[in-house]
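The values are calculated or read from the model by the stated rules, or taken from the named source; none is laboratory data. Keep in mind that what you see is a predicted model, and the values were worked out from it rather than measured. Quick reminder, even Gly has a Cβ in these numbers, built from the backbone with ideal geometry, and neighbours come from all protein chains shown. Just the protein is used for accessible areas: all its heavy atoms, side chains included, with ligands, DNA and RNA removed. Shrake-Rupley method; radii C 1.70, N 1.55, O 1.52, S 1.80 Å.
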There are 2 protein chains.
Amino acid sequence: MSLESYMNQIGQQARAASRLLAKASTEQKNMALFAMAEALEVARPKLIEENAKDMKSGEEKGLDSAMLDRLLLTDVRIDGMIEGLKQVASLSDPVGEISNMAYLPSGIQRGQMRVPLGVVGIIYESRPNVTIDAASLCLKSGNATILRGGSEAFYSNQMIATAISTGLEKVGLPATAVQVINTTDRAAVGKLITMPEFVDVIVPRGGKGLIERISADARVPVIKHLDGNCHVYVDDEADFDKAYKIVINAKTRRYGVCNAMESLLLHKNIAADFFPRILATFEEKGVELLGCSAMQALSDKVGVATEEDWYTEYTAPKLSIKVVEDMDEAIAHINKYGSHHTDAIVTQNYTKSRAFMTEVDSSSVMVNASTAFADGFEYGFGAEIGISTDKIHARGPVGLIGLTSQKYIVLGDGHTRDN
Amino acid sequence: MSLESYMNQIGQQARAASRLLAKASTEQKNMALFAMAEALEVARPKLIEENAKDMKSGEEKGLDSAMLDRLLLTDVRIDGMIEGLKQVASLSDPVGEISNMAYLPSGIQRGQMRVPLGVVGIIYESRPNVTIDAASLCLKSGNATILRGGSEAFYSNQMIATAISTGLEKVGLPATAVQVINTTDRAAVGKLITMPEFVDVIVPRGGKGLIERISADARVPVIKHLDGNCHVYVDDEADFDKAYKIVINAKTRRYGVCNAMESLLLHKNIAADFFPRILATFEEKGVELLGCSAMQALSDKVGVATEEDWYTEYTAPKLSIKVVEDMDEAIAHINKYGSHHTDAIVTQNYTKSRAFMTEVDSSSVMVNASTAFADGFEYGFGAEIGISTDKIHARGPVGLIGLTSQKYIVLGDGHTRDN
């Protein structure tokens, strides 16, 4: 079969399965998740074997150790995948919720019903556990899923796919509700993102390069974030103890995550007093500091930040620091150089906290809290499929709700429109 | 100035204005709407002169009478535009609404704040009153707007733009909050839909051809509907009096609107009894009927519907009719041939009404009500910028809410994340 025919078949099957999933009961979906967990447990030895094939070929291809680590499936990681399936089963089902139901002057009742998006395409790199995470969230939200993993995890993903199908069929749901593309041909991605008749939304998970390519070529809506260039602004009316804790946590909790602080803004009136507090800790932790000229004047431990630095997400023990005139300059800087992901102010001033929340144009805006909280679990969604910095549809951490849409429902009793 | 530089300047100005609009108070926005109404009143004689230029050049270019009618501005139509501005001022402001605020286990409070999208680009044809409608809805929802009207309404739109600017400046808002592109060069549209750095969303209003072209080329999200191929399904448990009223209203209230019924589905057990009731009225009103073979067997007044007819939005006194085995066939037909706009069932059966609402994958699904109700005014939004058949973001009639987004806000008191 040609790739074109293969992808069309995958698409048609997904669309057909999505009709059945949309009307599946919560109980049936939960049973499927438990059956998938069971099938994964049964497949465990075989999965470890298949994963070893991927690891071997990854080593032969010369993948770096970080990539090989992400690729590796251990017993602990498989336990985590099984646990994840059970956790998704325990989340409440958003599908079917009806809101804003009201009688209108014409006599009709109008409301909104929460419904699945339909078919969700997921494109991701290396980590095979994404196969389970994404499939389970899409299933619980009533969506059919087409998954395209990285070629380096091909054998692992195919094995996981088999376990998923087994689980689905056991409870009478179509095995095609979750399909893993069985070719590493790159053209499959090109086709997946350009068949709006079969795919309703694409969620890419991976590096910025991958996401940029997909966004540029897609003919289907994409839910994504590109950068996490997050800021903390320490105001002249900040409580220094809170500011210290937040700045250190936002930068050093983990360096490689999208909600880590990459740029620190200090009000000019407190920069000289506050900076020494954090300098010692950053030196101890080996965080490289780059700053504006005012920052360099304050300390010879601060290198030169270029214009490019203000735009940069380091995802590394590296931080840019700028001294600002006031909060307005901080907000303007964030809206210009930031990536609209997550930005925080530290201040005890009530009026400024309100203005910062209103004016900073980011998916999460925080007051006196670490940017590290920008996360679906921390926000109470139980799980997330990713974080969106898009402005339409889902913005911020995307959980089950972000995988649904709302349609209008109208109830009448023979009502017609006069004018 | 080159077109490229001109459009970049428009974009930069819109982005800058959007920052000010996002924090403008409801009162200031309402004052601006009233000032625009006043400025339009003052400009009335000049606007009628400028419109006459457009009409003259339209006649010379040989525009058809329907297009010329849409282009014409009369005193009554200008009254309508002025009234519309005042009505938008009376709508409640969605911006700043905070919902789902909750304390989470970590101690942070997390909620969602409703915020403007930022910059909205509107591309539309012929009717100059869209300039006012779109500008007022975008302004009220805190968005900056870039408007690109049809070349045939160039002089009218430029004059309306002047009145809008006058109103904005009078209340201290930037005149660049609403910008009307002052060139008829088609490349301006190509640029407008491909500058995501300045434009957050595009709303095209016009024929299907225009919207398809824009959707295909846009690098910015588009809120749109392409077709309104709406269905009414009359179930074997329908109340015939209600069914008659709904079928006639959905088809004959107006033929050219997107929420008109284009296809009628009749349960096989009632087709022979019910059809004669509607036939007389459709004949009287001159509605052409095309049907499946079963329909043709019922009546020699019914022509042959081809496969293509089931996909077609006639926007004309023409209707396709199909006899179906049962509700499941009706739902499958609607999901396959429909345009996911608005579809209705007529039935007295409770269980079927629930299943139809759940399973029909359309932006509006109705029970015992005419499809004609799919409309922002009828849904109680006070106004609409269009109807969306997209699944993400806004679905169905789009009012002020559809022109906003929600960002997460997090309040802490020095909170940091441990794990």
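Taking the range A:207-253, which residues are of a type in the set (Lys, Arg) and over 29 Å from A:GLY121 (Cα atoms)?
Those that are of a type in the set (Lys, Arg) and over 29 Å from A:GLY121 (Cα atoms): A:LYS242, A:LYS245, A:LYS251, A:ARG253.
For the range B:340-355, does any single residue satisfy the condition of being open to solvent by less than 40 Å² (accessible area, probe 1.4 Å), farther than 17 Å from B:ASP239 by Cα, more than 13 Å from chain A (Cβ to nearest Cβ) and in contact (Cβ under 8 Å) with a residue 60 or more places away in the chain?
Scanning the range B:340-355 turns up no residue that is open to solvent by less than 40 Å² (accessible area, probe 1.4 Å), farther than 17 Å from B:ASP239 by Cα, more than 13 Å from chain A (Cβ to nearest Cβ) and in contact (Cβ under 8 Å) with a residue 60 or more places away in the chain.
Return the pairs, sorted by first residue and then second, in which the second residue is assigned to a helix (DSSP H, G or I), the first residue lies in the range B:15-29 and is free of Cβ contacts under 8 Å to residues at least 40 places away in the same chain, the beta carbons are less than 6 Å apart, and the residues are 6+ apart or on different chains.
Final answer for the pair search is B:LYS23/A:THR358; B:LYS23/A:GLU359.
So that you can scan it fast, the table gives a plain yes or no per residue for (1) outside the structural domain of B:VAL199 (by TED's automatic domain parsing); (2) touching a strand residue (DSSP E or B) at 6+ places or on another chain (Cβ under 9 Å); (3) closer than 29 Å to B:GLY190 by Cβ; (4) not acidic (Asp, Glu):
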residue	(1), (2), (3), (4)
B:ALA16	no, yes, yes, yes
B:ALA22	no, yes, yes, yes
B:PHE34	no, no, no, yes
B:LYS46	no, no, no, yes
B:GLU50	no, no, yes, no
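In the range A:29-45, which residues are of a type outside the set (Asp, Glu) and either open to solvent by 60 Å² or more (accessible area, probe 1.4 Å) or modelled with pLDDT under 95 (or both)?
At the first step, the residues of the range A:29-45 found to be of a type outside the set (Asp, Glu) are A:29-37, A:39-40, A:42-45.
Once the filter is applied, which keeps residues that are of a type outside the set (Asp, Glu) and either open to solvent by 60 Å² or more (accessible area, probe 1.4 Å) or modelled with pLDDT under 95 (or both), the range A:29-45 yields A:MET31, A:PHE34, A:VAL42, A:PRO45.
Could you run through the range A:237-266 and say how many residues are more than 12 Å from chain B (Cβ to nearest Cβ), crowded, with 19+ Cβ neighbours inside 10 Å and in contact with a helix residue (DSSP H, G or I) (Cβ under 9 Å, 6 or more places away or on another chain)?
Here the count works out to 5.
Of these, B:THR371, B:THR389, B:THR351, B:THR347, which one is modelled with pLDDT under 95, within 26 Å of B:ILE248 (Cα to Cα) and out of contact with any Gly (no Cβ under 7 Å at 6 or more places or on another chain)?
B:THR389
Out of all the residues in the range A:212-228, which are of a type in the set (Gly, Ala, Ser) and assigned to a loop (DSSP other than H, G, I, E, B)?
A:ALA218, A:GLY228
So A:MET366 passes all but one of these: (1) surrounded by fewer than 22 Cβ atoms within 10 Å (Cβ to Cβ); (2) under 17 Å from A:LEU266 (Cα atoms). Which condition number does it fail?
A:MET366 satisfies every listed condition except (1).
Got a sec? Which of A:ILE321, A:ILE331, A:ILE345 is touching a helix residue (DSSP H, G or I) at 6+ places or on another chain (Cβ under 7 Å) and part of a helix (DSSP H, G or I)?
Only one candidate passes the filter, namely A:ILE331.
Pairs please, first residue from the range B:145-172 and at negative phi, second anywhere and among the aromatic types (Phe, Trp, Tyr), Cβ atoms under 6 Å, 6+ apart in sequence or on different chains.
These pairs meet every condition: B:GLY149/B:TYR124.
Looking at the range B:1-43, which of its residues are touching a Pro at 6+ places or on another chain (Cβ under 7 Å) and over 17 Å from B:ASP93 (Cα atoms)?
B:ALA17
With respect to the numbered conditions (1) in a loop (DSSP other than H, G, I, E, B); (2) more than 10 Å from chain A (Cβ to nearest Cβ), which one is the sole condition not fulfilled by B:MET81?
Unmet condition: (1).
Hand me the list of strands (runs of 3 or more DSSP E) wholly inside the range A:366-419 holding 3 or more residues that are facing chain B (nearest Cβ under 7 Å) and more than 12 Å from the chain's Cα centre (by Cα).
Fully inside the range A:366-419 and qualifying: A:404-415.
Considering only residues that are touching a helix residue (DSSP H, G or I) at 6+ places or on another chain (Cβ under 6 Å) and among the charged types (D, E, K, R), which ones fall in the range B:87-101?
Result: B:ASP93, single match.
Surrounded by fewer than 18 Cβ atoms within 10 Å (Cβ to Cβ) and at negative phi: does that describe A:SER299?
yes
Select from the range A:276-286 the residues that are closer than 11 Å to A:LYS301 by Cα and surrounded by 14 or more Cβ atoms within 10 Å (Cβ to Cβ) and list them in ascending order.
A:LEU279, A:PHE282
Pairs only if they're at least six apart or on different chains, beta carbon under 8 angstrom, first in the range B:50-68 and surrounded by fewer than 13 Cβ atoms within 10 Å (Cβ to Cβ), second among the aliphatic types (A, V, I, L, M) and modelled with pLDDT under 95; list them, first residue then second.
Close Cβ pairs satisfying both conditions: B:GLU59/B:LEU68.
Residue-by-condition table, conditions (1) within 14 Å of chain A (Cβ to nearest Cβ); (2) within 15 Å of B:ALA161 (Cα to Cα):
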{"site": "B:MET7", "(1), (2)": "no, no"}
{"site": "B:GLN12", "(1), (2)": "yes, no"}
{"site": "B:ARG19", "(1), (2)": "yes, no"}
{"site": "B:GLU27", "(1), (2)": "no, no"}
{"site": "B:ASN30", "(1), (2)": "no, no"}
{"site": "B:MET36", "(1), (2)": "no, yes"}
{"site": "B:MET67", "(1), (2)": "no, no"}
{"site": "B:ILE98", "(1), (2)": "yes, no"}
{"site": "B:MET101", "(1), (2)": "yes, no"}
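Among the numbered criteria (1) loosely packed, with under 14 Cβ neighbours inside 10 Å; (2) without any contact (Cβ under 8 Å) to a residue 60 or more places away in the chain; (3) of a type outside the set (D, E, K, R), which one does B:SER320 miss?
If we test B:SER320 against (1) loosely packed, with under 14 Cβ neighbours inside 10 Å; (2) without any contact (Cβ under 8 Å) to a residue 60 or more places away in the chain; (3) of a type outside the set (D, E, K, R), just (1) comes out false.
Please pick out the residue among A:SER293, A:SER215 that is closer than 30 Å to B:GLU212 by Cβ and among the hydroxyl-bearing types (Ser, Thr, Tyr).
Sole residue among the options that is closer than 30 Å to B:GLU212 by Cβ and among the hydroxyl-bearing types (Ser, Thr, Tyr): A:SER215.
Pick from the range B:72-94 the residues that are open to solvent by 40 Å² or more (accessible area, probe 1.4 Å) and hydrophobic (A, V, I, L, M, F, W, C): which of them is nearest to B:LYS224 (Cα to Cα)?
Among residues in the range B:72-94 that are open to solvent by 40 Å² or more (accessible area, probe 1.4 Å) and hydrophobic (A, V, I, L, M, F, W, C), the one nearest to B:LYS224 (Cα to Cα) is B:LEU72.
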